[in-house]
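See below for the structure under consideration.
The values are calculated or read from the model by the stated rules, or taken from the named source; none is laboratory data. Quantities reported herein were computed from a predicted structural model and do not represent experimental measurements. Don't worry about glycine lacking a Cβ; one is built from the backbone with ideal geometry, like all the others, and counts go over all protein chains shown. Side chains included, ligands, DNA and RNA excluded: accessible areas come from the protein's heavy atoms. Shrake-Rupley method; radii C 1.70, N 1.55, O 1.52, S 1.80 Å.
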Amino acid sequence: MIILAFDQSISRTGWCLYEPPSHRSMMIGSFTSRPHKKMSTEEKTAIFCDEIEKLFKEHKPRFVVWEAATEIIRAYPREQKMDLAGQKPPQLTVNADQLILRDIQGHIRHAARARKIPYFAVNPKTWHAAMLKNGNISRVDAKAKARAMCAQLRIPVKNEDQAEAVMIALWAETSQNYKMLKAKAA
């Protein structure tokens, strides 16, 4: 039963096709969702949607899993000019990429639902705890550790996003959702 796993981001999305139990048969790749500067959100997410559709059509996965975007949208201080009173009023702005991730997840969810394929969005802390043995690991450290684990397992990856997609796929095999699906198919 083929698992399709994603570690999605607006700059580069890693994916992994995995048919347990042998990780030697994994197909791993990534694509960029931001090939040109000054693209609109719609153009960026359309690229992602096209790549998703290709993967679903070519490989016909039976279970789909991706890393859930954080529920908390972080705000960052924005550089402000002095107002007429000579003060800089504090203003915050959000990272637009965090907003686009919701759109991207919607594309994955829709592609799975349209094909009646079971799917699951896993919290990063959940798969980090299970696969990397640390649910509170930083984003940068998680990427490095995922790549190191792939090297240890002799799974060839070209970047950290592919490595995280591999870890998510391996986690999916151990998930209750996948086990129930497999039992139902037997």
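Phi angles across the stretch 145-156 convert, under the Karplus curve 6.51 cos²θ - 1.76 cosθ + 1.60 with θ = phi - 60°, into 3J(HN,Hα) values of 5, 4, 5, 5, 5, 5, 4, 4, 7, 6, 9, x Hz, Gly and Pro given as x. In this structure the amide hydrogen of PHE120, modeled in the peptide plane, comes within under 5 Å of the amide hydrogens of VAL64, VAL65, TRP66, none closer than 5 places in sequence on its chain. Sequentially through the stretch 39-47, phi angles give Karplus couplings (6.51, -1.76, 1.60; θ = phi - 60°) of 8, 6, 4, 4, 5, 5, 6, 5, 4 Hz, Gly and Pro residues having no value and appearing as x. Backbone amide hydrogens, once placed in the peptide plane, bring GLY135 within less than 5 Å of ALA129, excluding anything fewer than 5 places away on its chain. Separation of the alpha carbons by more than 32 angstrom is noted, of LYS143/LYS184; LYS54/LYS158; LYS57/LYS133; LYS37/LYS182; LYS38/LYS179, for LYS143/LYS184; LYS57/LYS133; LYS37/LYS182; LYS38/LYS179. Using 0.36 nm per residue, how much length does the chain from GLU53 to ALA114 gain when fully extended, once their Cα-Cα distance is taken away? Value of the extension gain: 20.9 nm.
If r is the Cβ-Cβ distance from LYS38 to LYS158 and R0 is 25 Å, what FRET efficiency results, to the nearest 0.05? The partial results should precede the final answer.
Details: r = 27 Å, r/R0 = 1.08.
Here the calculated transfer efficiency is 0.40.
Annotation: extensible slack from ARG102 through ALA68 equals 11.4 nm (criterion: 0.36 nm per residue apart, minus Cα-Cα distance). Sites listed here are trypsin sites (Lys or Arg not before Pro) in the stretch 22-66 whose DSSP assignment is loop and whose Cβ has at most 10 other Cβ atoms within 10 Å: LYS37, LYS38.
The loop-placed trypsin sites (Lys or Arg not before Pro) in the stretch 155-186, going by DSSP, that have at most 14 neighbouring Cβ atoms within 10 Å of their Cβ come out as LYS158.
In the context of the full protein assembly, ARG147 retains an accessible surface of approximately 80 Å², using a probe radius of 1.4 Å and ignoring ligands and nucleic acids.
Oblate is the label for the stretch 96-186, because the ratio a/c of its alpha-carbon gyration tensor axes (a ≥ b ≥ c) is 1.5 or higher and a/b is not greater than b/c. Among the protein heavy atoms, those of THR41 account for about 60 Å² of accessible surface (1.4 Å probe, every chain in place).
Near SER9, the amide H atoms lying under 5 Å from its own belong to GLY14; only residues 5 or more places off or on other chains count, and H is placed 1.01 Å from N.
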